[in-house]
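Notes to accompany the following structure.
The values are calculated or read from the model by the stated rules, or taken from the named source; none is laboratory data. Quantities reported herein were computed from a predicted structural model and do not represent experimental measurements. Backbone-built Cβ (ideal geometry, glycine too); neighbour counts: all protein chains shown.
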Amino acid sequence: MNSDMRMTLTQFLIEERRRYPQAGGDFNSLLLNVALVCKRIARKVAAGELGDATGSASSVNVQGEDQKKLDVISNELFIEGNNWGGYLAGMASEEMEEPYQIPACYPQGRYLLVFDPLDGSSNIDVNVTVGSIFSVLRAPASDRPVTTADFLQPGCEQVAGGYAIYGPTTMLMLTVGNGVHGFTLCPQVGEFMLTHSDLQIPVDTHEFAINASNSRFWEAPVTRYVNECMAGKTGARGKDFNMRWIASMVAEAHRILMRGGVFLYPRDSKDPTKAGRLRLLYEANPIGFLMEQAGGRASTGRQPVMNVKPSALHQRIGLIFGSKNEVERLERYHNEPEQNDEPNPLFNERSLFRAPA
Ligand code: F6P
C-alpha cells in the first residue's frame, strides 16, 4: 500500500481517543509533540558528520557516562518540544539529574514525560542504529512543583510507552495500552504512517542477545540459559540458536518486536553498586510495556519488570525481555535451586571462549 492510502499517527490517535469520550486532547497533543521531537532528532542523526553534531560534548551525565553532542541536543529538543504544551507537570531524562519543572509561564498539565533522548548513543559515530525511548505517567493532581517521588511509579502505571528508531527508516513504535502499533516516517510527507498494526511477538525463538563479555559476572541461571543455547541441537534445548548484540537496546527491542528473540542485560556482579546496566524508568519500563502489549514478556528474572516499585529516578535494573516462552524459562531458572552439574560449552576446549589454564 502506498503512503497516501495509509493512516497517519494523528488519525490513529484521534480514532483511539474516540474510545474514551471523556478524554480531552492533552494526551494526543503530548504524543504528537513527542513524535515531532523524534522527527527532529531523526534529521540530526541522519545528517551524521555533515550535521556538525557528532562527537563528544566533553561532559558526563548523572550516570557518569560521556555525553555525545547529540545526547545533549536530543535532550534539549525533548524539553523545548514539550515544556510549553500545557499537558505536562514535569519531565525526567537520562541526561538530567533532577526532574525538569515546567516553567511558570506555561500551564501545568496532568502528565509526566520520562525519556532517554538518545539510547545507544555510543553507536552514533559509527553510523549504527540508535533511538529515543519515552514513557508517559500520570502526574499527581496538584499544582505544586513536581518532585522525584512523583516519578517513582511502577511500570504498570504507564499510560503510554514507546520509542523512535533511527535506522535505515525512522519508525515510531507506540503503545497506549491497546496493543503495539508501528509507524514509519514517510520522508516525502513528513508524517508517521501506520505500517505495523497490533504487533505480536512469536512466543518461541532461536535468537538471543547478550553482551557475552560479561559472562564471568553472570548469575548461575543466566549462565545456565546461555550455555544451553550455545549447546544448540546437542544440548538440553535440542535446537540451534543464533546470538546477536548491537549494544543499542532500541535496535535489539525492535528486532525482537518484529521477529521474536530474547534480550538479556541481567543483574550481575560486575559492579556491586549497580543492580543492572539499564535504567528502570526510561529504558526498562517503556520497553517492558511494549513487549507485554505485543504478547511478549519483560522481567528482572525474578519478577515482571513493570511490577518493580522504583526507588530512585535513575535506578538501574536487570532486564530480560522478548519471546514469552524464553523469558518464562529464564524466570523458572531464577526460581529453581542452582544446578552445578551442567557442562559449560561457553568455556569448553573447543568453544568460543577458552577456559583459563
Ligand atoms: O543505555 C544503555 C545501552 O547503550 C543500551 O542501549 C545497550 O543495550 C547497552 O547500553 C550496551 O551496553 P554494553 O556497552 O555493556 O554492551
Item to check | Boolean, Ile133 is within 16 Å of the ligand (Cβ to nearest atom) and either assigned by TED's automatic domain parsing to the domain that holds Leu290 or in a strand (DSSP E or B) (or both) | outcome: yes
Selection from the stretch 47-60 of residues surrounded by 13 or more Cβ atoms within 10 Å (Cβ to Cβ), in contact with a strand residue (DSSP E or B) (Cβ under 8 Å, 6 or more places away or on another chain) and of a type in the set (A, V, I, L, M, F, W, C) yields Ala57
From the option list Asp271, Asp198, single residue qualifying as farther than 14 Å from Gly318 by Cα, surrounded by fewer than 16 Cβ atoms within 10 Å (Cβ to Cβ) and either touching a residue at least 12 places away in the same chain (Cβ under 8 Å) or out of contact with any strand residue (DSSP E or B) (no Cβ under 8 Å at 6 or more places or on another chain) (or both) is Asp198
Review point. Any residue at all in the stretch 284-305 that is within 12 Å of the ligand (Cβ to nearest atom) and crowded, with 18+ Cβ neighbours inside 10 Å?
Key: yes
Any residue at all in the stretch 80-98 that's in the same structural domain as Gln153 (by TED's automatic domain parsing), within 16 Å of the ligand (Cβ to nearest atom) and under 18 Å from Ile165 (Cβ atoms)? yes
In the stretch 93-120, anything surrounded by fewer than 24 Cβ atoms within 10 Å (Cβ to Cβ) and small (Gly, Ala, Ser) is listed as Ala104, Gly109, Gly120
Is at least one residue of the stretch 324-334 without any contact (Cβ under 8 Å) to a residue 24 or more places away in the chain, under 17 Å from Asn227 (Cα atoms) and not β-branched (Val, Ile, Thr)? yes
Quick count over the stretch 65-104, residues being touching a Leu at 6+ places or on another chain (Cβ under 7 Å), aliphatic (A, V, I, L, M) and either part of a loop (DSSP other than H, G, I, E, B) or within 18 Å of Arg40 (Cβ to Cβ) (or both), is 4
* Asked: With respect to Gly162, is the statement that it is surrounded by fewer than 14 Cβ atoms within 10 Å (Cβ to Cβ) and of a type outside the set (Lys, Arg) true?
  -> no
By residue number, the members of the stretch 95-132 that are charged (D, E, K, R) and more than 19 Å from the chain's Cα centre (by Cα) are Glu97, Glu98, Arg110, Asp125
Original post:
Is it fair to say Ala164 is closer than 21 Å to Leu77 by Cβ and in contact (Cβ under 8 Å) with a residue 40 or more places away in the chain?
Top reply: yes
Being more than 13 Å from the ligand (Cβ to nearest atom) and out of contact with any Pro (no Cβ under 8 Å at 6 or more places or on another chain): is that true of Asp271 here? no
Scan the stretch 196-207 and give yes if some residue there is touching an Asp or Glu at 6+ places or on another chain (Cβ under 7 Å) and under 18 Å from Met258 (Cα atoms), otherwise no.
yes
Any chance Phe192 is hydrophobic (A, V, I, L, M, F, W, C), in contact (Cβ under 8 Å) with a residue 40 or more places away in the chain and either within 16 Å of the ligand (Cβ to nearest atom) or in contact with an Asp or Glu (Cβ under 8 Å, 6 or more places away or on another chain) (or both): no
Over the stretch 103-130, the set of residues in contact (Cβ under 8 Å) with a residue 24 or more places away in the chain, away from the ligand (no atom under 12 Å from the Cβ) and hydrophobic (A, V, I, L, M, F, W, C) is Leu112, Leu113, Val114, Phe115
### Message
Can you confirm whether Val45 is among the β-branched types (Val, Ile, Thr), touching a residue at least 40 places away in the same chain (Cβ under 8 Å), within 16 Å of the ligand (Cβ to nearest atom) and farther than 26 Å from Thr184 by Cα?
### Response
no
- Task: Confirm whether Ile124 is at pLDDT below 95 and buried (at least 18 other Cβ atoms within 10 Å of the Cβ).
- Result: yes
When the stretch 239-268 is checked residue by residue, the ones that are closer than 15 Å to Ala284 by Cβ, near the ligand (Cβ under 7 Å from one of its atoms) and of a type in the set (A, V, I, L, M, F, W, C) are Met249, Val250
